[in-house]
Amino acid sequence: MDALEILKQLIAIPSVSPMGRDLTGPEYYETRLTEFLAGFFKDLGVEYEVIDVVPGRSNVVAIYRADKNAPTILMDAHQDTVPVDGMTIDPFDPVVKDGRIYGRGACDVKGGMAAMLSAFSRLVKENPDNANNVVMSCTCDEEATVMGIKDLVKLWSDGENRSQMLGKRPDVSIVAEPTEMDLVVAHRGATRWKIFTSGVACHSSDPTKGVNAIYRMAKILSALEEYADMLDSLVKPHSRCGSATLSIGLISGGISVNTVPDTCEIEVDRRVIPGEDGLQVMEDVREFLKQRVDFDFEFSEPWIIGTALPDDTNDDLGNNLLKQINAVTGGGVKVGVPYGTHASRIAEADVPPVVFGPGSVAQAHTKDEWLDIGQLEQATEVYYQACCDNGLAAAT
Ligand SMILES: [Zn+2]
């Protein structure tokens, strides 16, 4: 089945992540896409499972069985997209124009998913000699809290044997994300949490009677800005992924202009590089702040704990896949990127992963998201060739 035709169908089925906001409606969450994917694998005649992660949110997993002695590749693509607020095109109308296809998810990552599904269906139909066993996973909740991939890796790592397809650890994995046809072998991860300050509320006509939680947060913010500037000297930048960073993305506090505020909170985004511990980085920030401010503050639990993808276990897989990429595109190099993907969670579960897919991250999450159709077709061919090569997991 043609990747472009599949992609049009995927774009037309909204699977928007509310990203933590309290939103409901037919376009939110992955339910309808999950149903489509289950139908896709059913029509293909392969074994598949719909695995509930939490009520209403599921991973869909399907398998092509080549030979029980052949290595197993896990191909993963996420089902969800970011929200569509402010988009200048109809997000769910897949328009093809000038060699591009437009729509929410065209680039991140319904394009990569369509390419994988197309390669997978060709594999099932052609049944080539010397192929790998291939597990295709379509995971939920990548954009917000990554519970889909966390549940998926448990299928082989926690011994509960909940899956016929991933009861055994796969040998290698390819994760679809827009890499502009280069091969991502290392990336950063993100730990995110809130910091709270508190004070004493009072009428603003006499602020001396209160304690202003926003002023306290201002002191925290100045200290954090200083800390962010120091990070390069505290954590040696990674050769492929660059620096560890810290950024504050949200702030809120107070109830009205004539009340001295008794609460203020911020959200912190700390990007970790390979070698860093996603929980320890929070403790380092806490220690730093304790030295800098003379009042109490609180940390929330992190809602995401960063894991980076290190490039020390996926060398052979990377070299092998790079040959397939070179053969199809005439280019392609190993790179590291600053953003996170499912690959780091797969690596944590002892499977070497790489990230590869059509499209540029520059077009992901944009108001007129699009994908280059030439790259979509080339990526489909690369995925197919990778599925067919049972030496993909071998040492180079
Ligand atoms: Zn993505």
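The values are calculated or read from the model by the stated rules, or taken from the named source; none is laboratory data. Since the model is a prediction, treat every value here as computed from it, not as a measurement. With ideal geometry, Cβ positions are generated from the backbone for all residues, glycine too; neighbour counts draw on all protein chains shown. For the accessible areas, the whole protein counts, side chains as well, though only heavy atoms, and no ligand, DNA or RNA atoms are used. Shrake-Rupley method; radii C 1.70, N 1.55, O 1.52, S 1.80 Å.
Of note:
- Folded to 0 to 90 degrees: helix 3-12 orientation relative to the chain principal axis, Cα: 40 degrees
- For region 14-29, the Karplus equation 6.51 cos²θ - 1.76 cosθ + 1.60, evaluated at θ = phi - 60°, returns couplings of x, 8, 7, 7, x, 6, x, 7, 8, 10, 10, x, x, 7, 8, 6 Hz by residue, with Gly and Pro reported as x.
- Candidates per trypsin sites (Lys or Arg not before Pro) in region 15-45, loop by DSSP, up to 11 other Cβ within 10 Å: R21
- Put simply, the amide H of H78, placed in the peptide plane, has neighbours under 5 Å in T139, leaving out anything fewer than 5 places away on its chain.
- Against the chain, whose longest principal axis is taken from its Cα atoms, helix 373-388 shows a tilt of about 70°.
- Net +/- balance of residues flanking K194 in space, Cβ distance below 14 Å, scoring K and R +1, D and E -1: -2
- Our coupling estimate for region 359-365, obtained by passing each phi through the Karplus curve with A = 6.51, B = -1.76, C = 1.60 and θ = phi - 60°, is x, 10, 4, 5, 9, 6, 6 Hz, Gly and Pro reported as x.
- Cα coordinate range in region 249-396, projected on the principal axes (Å, largest first): 66, 37, 20
- Per-residue accessible area (protein heavy atoms, 1.4 Å probe) orders T245, T313, T179, T24 as T24, T313, T245, T179, starting from the largest.
- Residues whose amide H comes within less than 5 Å of that of T245, counting only those at least five positions distant or on another chain, are R271 (H built at 1.01 Å from N in the peptide plane).
- Considering helices alone, the calculated mean residue ellipticity of the chain at 222 nm is -10000 deg cm²/dmol, with DSSP H runs of length four and up weighted by -39500 (n - 2.57) and normalised per residue.
- Cα point-scatterer Debye curve for the chain, base-10 log of I(q)/I(0) at q = 0.07, 0.09 Å⁻¹: -0.36, -0.57
- Kirkwood Rh and Cα Rg combined as Rg/Rh, region 189-299: 1.07
- Between 0 and 90 degrees, the angle of helix 147-157 with respect to the longest Cα principal axis of the chain falls at about 60 degrees.
- Taking all protein chains as shown and a probe of 1.4 angstrom, D129 keeps an accessible surface of around 130 Å².
- Ordering Y227, Y29 by accessible surface, largest first, gives Y29, Y227; the 1.4 Å probe counts only protein heavy atoms, with every chain in place.
- Neighbourhood charge, 12 Å Cβ-Cβ cut-off, centred on G167 and excluding it, Lys, Arg +1 and Asp, Glu -1: +1
- Spatial separation of Cα centroids for region 255-299 and region 47-84, in angstrom: 37 Å
- Qualifying lysines (Cα of each under 22 Å from Cα of K209; at least 8 residues distant if same chain): K219
- Distances between placed amide hydrogens fall under 5 Å for G278 paired with no residue 5 or more residues away or on another chain.
- Heavy-atom accessible area ranking, 1.4 Å probe, most first, across R216, R57: R216, R57
- Here's the list of lysines a cross-link from K125 could span, going by alpha-carbon distance under 23 Å and ignoring same-chain residues fewer than 8 apart: K8, K42, K68, K110.
- Carbon plus sulfur fraction of accessible area for region 189-299, probe 1.4 Å, in percent: 50 percent
- The chain, accessible area per residue, ligands and nucleic acids excluded (1.4 Å, Å²): 43 Å²
- M19 accessible area, assembled protein chains, probe 1.4 Å, Å²: 80 Å²
- In Hz, Karplus ³J(HN,Hα) per residue of region 181-196 (6.51, -1.76, 1.60; θ = phi - 60°; x = Gly, Pro): 6, 8, 10, 8, 10, 8, 7, 8, x, 10, 9, 10, 7, 9, 10, 10
- Two-site FRET efficiency, E301 against D129, from Cβ-Cβ distance with R₀ of 45 Å, rounded to 0.05: 0.30
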